[in-house]
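Engineer: One structure is given below, represented as structure tokens, and several questions about it will come after.
The values are calculated or read from the model by the stated rules, or taken from the named source; none is laboratory data. A quick note: this is a predicted structure, and the numbers were derived from the prediction, not measured. Methodologically, a virtual Cβ is constructed for each residue, glycine included, from the backbone with ideal geometry; neighbour enumeration extends over all protein chains shown.
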């Protein structure tokens, strides 16, 4: 069961979403949490381009519309967020 989900969102490009997300992932992993980053950015999937983060890129657009099934399926790939050994 997923205990916590952190969303980093903003419509404007260049707001620091990828930087913030990558720092959050690195911090949580350093703190010994199980983390799976997911990149849903349809235009600039920067987070998944950072290979060390192993972020899953998920295409949620169908032309100009959000394709709901991939968005909903992306929520099922989230692992359990918990401290290791607990």
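Engineer: Wholly within the chain, which helices (runs of 4 or more DSSP H) include no fewer than the required count, namely at least 2 residues that are in contact with a helix residue (DSSP H, G or I) (Cβ under 9 Å, 6 or more places away or on another chain) and at pLDDT 90 or above? Step through it out loud before you land on a result.
Structural biologist: Numbers: elements: 17-30, 46-49, 68-76.
Output list reads 17-30, 46-49.
Engineer: I need every pair where a residue in the stretch 7-22 that is in contact (Cβ under 8 Å) with a residue 24 or more places away in the chain and on the phi < 0 side of the Ramachandran plot has its Cβ under 8 Å from the Cβ of a residue that is part of a loop (DSSP other than H, G, I, E, B) and surrounded by fewer than 11 Cβ atoms within 10 Å (Cβ to Cβ), sequence separation at least 6 or different chains.
Structural biologist: Close Cβ pairs satisfying both conditions: 13/43; 17/9; 17/10.
Engineer: Do we have residue 25 as touching a residue at least 40 places away in the same chain (Cβ under 8 Å) and under 13 Å from the mean Cα position of the chain (by Cα) here? Spell out the reasoning first.
Structural biologist: On the way: touching a residue at least 40 places away in the same chain (Cβ under 8 Å): no; under 13 Å from the mean Cα position of the chain (by Cα): yes.
No.
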